[in-house]
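Sharing a structure here in structure tokens format.
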Amino acid sequence: MAPALSVSQITTLGSSFAEDVDAYSRHGFAGIGVWELKLPDDRDDSEPLELLAESGLASAAAVPAIPSILPLPLLGGPDDPAERIDAYCRSVDRLAAFEPSGLVLLTGTGRGRDPDDARSIVVDGLRQIADTAEQAGVRIGLEPYQRDGGDEWTIVNSIPEAVELIRDAGDPPSVGIQFDVWHLWNTESLFDDIPQEIDRFVGVHVCDAREPTRGWADRVLPGEGTADVPRILAALDAAGWDGLYDIEIFSDDGTFGATYPDSIWALPPQESLGRAREAFEECWSGATTPTVKELR
């Protein structure tokens with residue numbers, strides 16, 4: 001059975017919310033991963049919500065404007081974790097109206113803080129966010145961040161580390177895990193982690209890793225990089241993932257501009273979306289459904 005495909009809006013960086021909804025629908029995608037940065041500055045979401053409802057697109061993982069508890073490089077927002085947590089909780093209340101499969105949450109960097117203090121801040125913040133999410137009727141997807149260079153972005157790099165952090169926060173039912181191929185493809189225990197924790201997954205981001213990379217925002221379409229995307233898709237399918245497979249491509253050197261001629265962000269959406277679908281389908285065709293045991 002063919003999987004349901006969606007597109008995370010960062011993939012078509014230069015397009016508006018309305019343009020994305022139209023383009024994703026016309027290209028036959030089943031869903032959209034809403035990014036708050038594409039919603040109205042005045043927070044009047046009546047038009048985006050109407051467009052989404054009329055399109056019939058399902059709602060994949062949404063990404064808040066301030067997506068972490070501790071600060072992140074380049075993405076802005078306040079330095080004070082308390083202010084960031086408050087902002088994230090406001091985003092939970094706002095994005096809940098779009099009925100996403102989950103809301104992406106990064107821990108942020110522990111740099112410049114005692115590791116125990118950083119973890120304590122994140123655990124406390126996770127509890128607060130979990131309470132807000134439960135009241136709003138949505139789930140949070142804690143996203144482990146790529147180990148290579150990840151210390152600028154996170155205090156957890158793998159699924160087991162994310163699970164341990166969630167348990168430290170009391171294992172609230174409103175908090176799960178956001179799976180991302182780019183972040184996890186080179187995790188040694190990945191093909192054990194997937195079946196063990198599949199029930200925690202609230203979303204799946206699909207992309208690939210360029211080698212050599214040009215920076216944190218430089219990713220390629222599935223099958224065009226060094227990750228074994230077909231094997232990962234097979235593992236997810238064998239473990240029972242039946243949600244959206246959300247294409248999410250950052251495509252540059254971190255400057256959020258199409259500065260390379262081969263950047264996906266430099267392409268018109270009709271071309272980038274067509275290429276994304278073809279790339280995923282080619283990987284899926286190679287993703288037979290062996291047992292999890294056979295994948296190890």
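For THR154, all conditions in the list (1) at pLDDT 95 or above; (2) open to solvent by less than 20 Å² (accessible area, probe 1.4 Å); (3) closer than 14 Å to ILE69 by Cβ hold save one; what is the number of the exception?
(1)
Separate question: Taking LEU295 and the conditions (1) over 24 Å from SER15 (Cα atoms); (2) open to solvent by 30 Å² or more (accessible area, probe 1.4 Å); (3) modelled with pLDDT under 95, which numbered condition does it fall short on, given that it satisfies the others?
Status for LEU295: all satisfied but (2).
Continuing with the same structure: Among the residues of segment 92-149, write down those that are under 22 Å from SER46 (Cβ atoms), part of a loop (DSSP other than H, G, I, E, B) and out of contact with any strand residue (DSSP E or B) (no Cβ under 9 Å at 6 or more places or on another chain).
If the condition is that a residue be under 22 Å from SER46 (Cβ atoms), part of a loop (DSSP other than H, G, I, E, B) and out of contact with any strand residue (DSSP E or B) (no Cβ under 9 Å at 6 or more places or on another chain), then GLY137 is the only one that fits.
Now for a separate question. Show the residue pairs that are 6+ apart or on different chains and have beta-carbon atoms under 8 Å apart, the first residue being within segment 91-109 and closer than 17 Å to GLY137 by Cβ and aliphatic (A, V, I, L, M), the second being open to solvent by 20 Å² or more (accessible area, probe 1.4 Å) and assigned to a loop (DSSP other than H, G, I, E, B).
From residues that are closer than 17 Å to GLY137 by Cβ and aliphatic (A, V, I, L, M), the pairs are ALA96/GLY137; LEU103/ARG139.
Tally the residues that are open to solvent by less than 10 Å² (accessible area, probe 1.4 Å), part of a helix (DSSP H, G or I) and either in contact with an Asp or Glu (Cβ under 7 Å, 6 or more places away or on another chain) or of a type in the set (Lys, Arg) (or both), restricting the search to segment 13-53.
Summing the residues that are open to solvent by less than 10 Å² (accessible area, probe 1.4 Å), part of a helix (DSSP H, G or I) and either in contact with an Asp or Glu (Cβ under 7 Å, 6 or more places away or on another chain) or of a type in the set (Lys, Arg) (or both) in segment 13-53 gives 0.
Quick one: in segment 56-81, which of the residues that are open to solvent by 20 Å² or more (accessible area, probe 1.4 Å) and among the small types (Gly, Ala, Ser) is nearest to LEU142 (Cα to Cα)?
Checking each candidate, the answer is ALA65.
Another question, then. When you scan segment 224-248, how many residues do you find that are open to solvent by less than 50 Å² (accessible area, probe 1.4 Å) and either within 13 Å of ASN186 (Cβ to Cβ) or of a type outside the set (D, E, K, R) (or both)?
17
If you don't mind, another one. Is it true that GLN135 is open to solvent by less than 10 Å² (accessible area, probe 1.4 Å), modelled with pLDDT of 95 or more, polar (S, T, N, Q) and at negative phi? Give the derivation first.
Values: open to solvent by less than 10 Å² (accessible area, probe 1.4 Å): no; modelled with pLDDT of 95 or more: yes; polar (S, T, N, Q): yes; at negative phi: yes.
It is false that GLN135 is open to solvent by less than 10 Å² (accessible area, probe 1.4 Å), modelled with pLDDT of 95 or more, polar (S, T, N, Q) and at negative phi.
If you go through segment 42-83, how many residues are farther than 26 Å from TRP241 by Cα and β-branched (Val, Ile, Thr)?
Within segment 42-83, residues that are farther than 26 Å from TRP241 by Cα and β-branched (Val, Ile, Thr) number 2.
For segment 133-148, which residues satisfy the criterion of being over 15 Å from PRO100 (Cα atoms) and touching an Asp or Glu at 6+ places or on another chain (Cβ under 7 Å)?
Within segment 133-148, GLU143, PRO144 qualify.
Test ASP148 against the criterion of being farther than 22 Å from ASP116 by Cα and either more than 12 Å from the chain's Cα centre (by Cα) or not acidic (Asp, Glu) (or both), and give yes or no.
It is false that ASP148 is farther than 22 Å from ASP116 by Cα and either more than 12 Å from the chain's Cα centre (by Cα) or not acidic (Asp, Glu) (or both).
Need pairs with beta-carbon distance below 7 Å; first residue open to solvent by less than 60 Å² (accessible area, probe 1.4 Å) and within segment 157-172, second among the aromatic types (Phe, Trp, Tyr); sequence gap 6+ or separate chains.
ASN157/TYR145
The values are calculated or read from the model by the stated rules, or taken from the named source; none is laboratory data. Quantities reported herein were computed from a predicted structural model and do not represent experimental measurements. Cβ sites come from the backbone with ideal geometry, for glycine too, and all protein chains shown count toward neighbours. Ligands, DNA and RNA are excluded from the accessible area calculation, which covers all protein heavy atoms including side chains. Shrake-Rupley method; radii C 1.70, N 1.55, O 1.52, S 1.80 Å.
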